[in-house]
Amino acid sequence: MNYIVFDLEWNQSASGKRFVNKKIPFEIIEIGAVKLNRNMKEIDRFNELVRPKVYKNINKITGNIVHLDMNQLKNARPFSKVMESFLDFCGKDYVFCTWGNLDLIELQRNMKFYSMPSLSQKPIKFLDVQKLFALQFEGEKSQHTLEYAVDVCGIYKDIPFHRAFADAYYTAKVLKYLKPEYREKYSFDTYVLPKEKKEEIRILFEDYYKYISRGFESKAKALEDKEVLYSGCYLCKRPVSRKIPWFTNNNKHYYCVSYCRKHGLIKGKIRLRKAENGKIYVIKTMKQISEEQKNEIVQKQDKMKKQAQAD
């Protein structure tokens, strides 16, 4: 298996929101990538500009960041041709790696706009190097710039940032700097949802459990599903006592706490999201927590109750 570390540059309407094409709000104008083998050794590179079709003027912000203008793009190949070459470059056995979670979404959105076959018929497993960097160095999810990570890792900066290949190049270097166990902490892109219950994602990591549901017609339907609301022990499947029933403080995130005699306190968290096709889906995580962490959830619940009483 190889690692395809890629980055995109995209353009958007230069004339304001009124002129945004909702089917392709961000049009890809450059794809850059580095291919690493299973030993983290670089074995190939990809870098190509894309001739735009939708937005014929460079957005001012985009131009200032990536230092590209329309004259540089007018002789490039169209997206579908560049994408075909990129997929040939990727090969057959690979996992995508990106800085953050936006590139895979926009790549698939652009492919759909140009009527290209889907990358996958289910959620795509990938490595979010931005998240993994934060987990290794800070122990929690947080967002830092790629250049910040490069500096923390002490990586020599030999080419400028903010072009597709350059950012893929540096992301690959940060990925190589991470401990091997962090390269097992996959994320899942949900541009395409599981179509049936049997296709839903259920994965047990070293320190937590993750579940990604199929799409539901409404939030109410999602919250009626037994597996969505399951709050038992994800480790031993034994009966638990409910310490804090499911509650929400913003109608998007739901929390609960249960107690397992063998594995202690377990926190459940549900995030409701709207998919590209308009359906509602659930990302649920479950993990062991301390008494102190349980008290923090109690404080959230108390705050929610006080707000409800004030309203």
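Annotations for the structure displayed:
- The condition of being in contact (Cβ under 8 Å) with a residue 40 or more places away in the chain, assigned by TED's automatic domain parsing to the domain that holds residue 147 and aromatic (Phe, Trp, Tyr) holds for residue 46.
Table: residues versus (1) buried (at least 18 other Cβ atoms within 10 Å of the Cβ); (2) in contact with a Leu (Cβ under 8 Å, 6 or more places away or on another chain).
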site	(1), (2)
237	no, no
242	no, no
250	no, no
260	yes, yes
274	no, no
277	no, yes
283	no, no
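- Subset of the stretch 91-120 that is under 17 Å from the mean Cα position of the chain (by Cα) and part of a loop (DSSP other than H, G, I, E, B) - its residue that is farthest from residue 276 (Cα to Cα): 99
- Residue in the stretch 63-78 that is under 28 Å from residue 274 (Cβ atoms) and surrounded by 14 or more Cβ atoms within 10 Å (Cβ to Cβ) present: no
- Selection count, the stretch 210-266, where residues are of a type in the set (Lys, Arg) and either within 23 Å of the chain's Cα centre (by Cα) or part of a helix (DSSP H, G or I) (or both): 6
- In the stretch 285-303, the qualifying residues are those that are in contact (Cβ under 8 Å) with a residue 40 or more places away in the chain and out of contact with any Leu (no Cβ under 8 Å at 6 or more places or on another chain), and the one that is surrounded by the most Cβ atoms within 10 Å (Cβ to Cβ) is 286.
- Options 1, 83; residue that is exposed (fewer than 14 other Cβ atoms within 10 Å of the Cβ) and touching a strand residue (DSSP E or B) at 6+ places or on another chain (Cβ under 8 Å): 1
- In the stretch 120-142, the residues that are surrounded by 12 or more Cβ atoms within 10 Å (Cβ to Cβ) and either among the β-branched types (Val, Ile, Thr) or without any contact (Cβ under 8 Å) to a residue 24 or more places away in the chain (or both): 124, 129, 134, 137, 142
- Pairing each residue of the stretch 1-22 that is assigned by TED's automatic domain parsing to the domain that holds residue 99 and closer than 19 Å to residue 113 by Cβ with any residue that is part of a strand (DSSP E or B) and of a type in the set (Gly, Ala, Ser), provided the two are 6+ apart or on different chains, yields C-beta distances under 6 Å for 6/33.
- The single condition from (1) part of a helix (DSSP H, G or I); (2) surrounded by fewer than 16 Cβ atoms within 10 Å (Cβ to Cβ); (3) of a type in the set (D, E, K, R) that residue 53 fails is (1).
- When the stretch 193-218 is filtered for residues that are surrounded by fewer than 18 Cβ atoms within 10 Å (Cβ to Cβ) and farther than 22 Å from residue 232 by Cα, the ones remaining, listed by number, are 195, 196, 217, 218.
- Scanning the stretch 11-47 for residues that are outside any loop (DSSP other than H, G, I, E, B) and of a type in the set (Val, Ile, Thr), we see that the one that is surrounded by the fewest Cβ atoms within 10 Å (Cβ to Cβ) is 43.
- Complete set of residues in the stretch 144-161 that are assigned to a loop (DSSP other than H, G, I, E, B) and either among the hydrophobic types (A, V, I, L, M, F, W, C) or surrounded by fewer than 15 Cβ atoms within 10 Å (Cβ to Cβ) (or both): 145, 154, 155, 156, 157, 158, 159, 160, 161
The values are calculated or read from the model by the stated rules, or taken from the named source; none is laboratory data. Just so you know, these numbers come straight off a predicted model, no measurement behind them. When we count neighbours, we look across all protein chains shown, and the Cβ atoms used for this are built from the backbone with ideal geometry, even at glycine.
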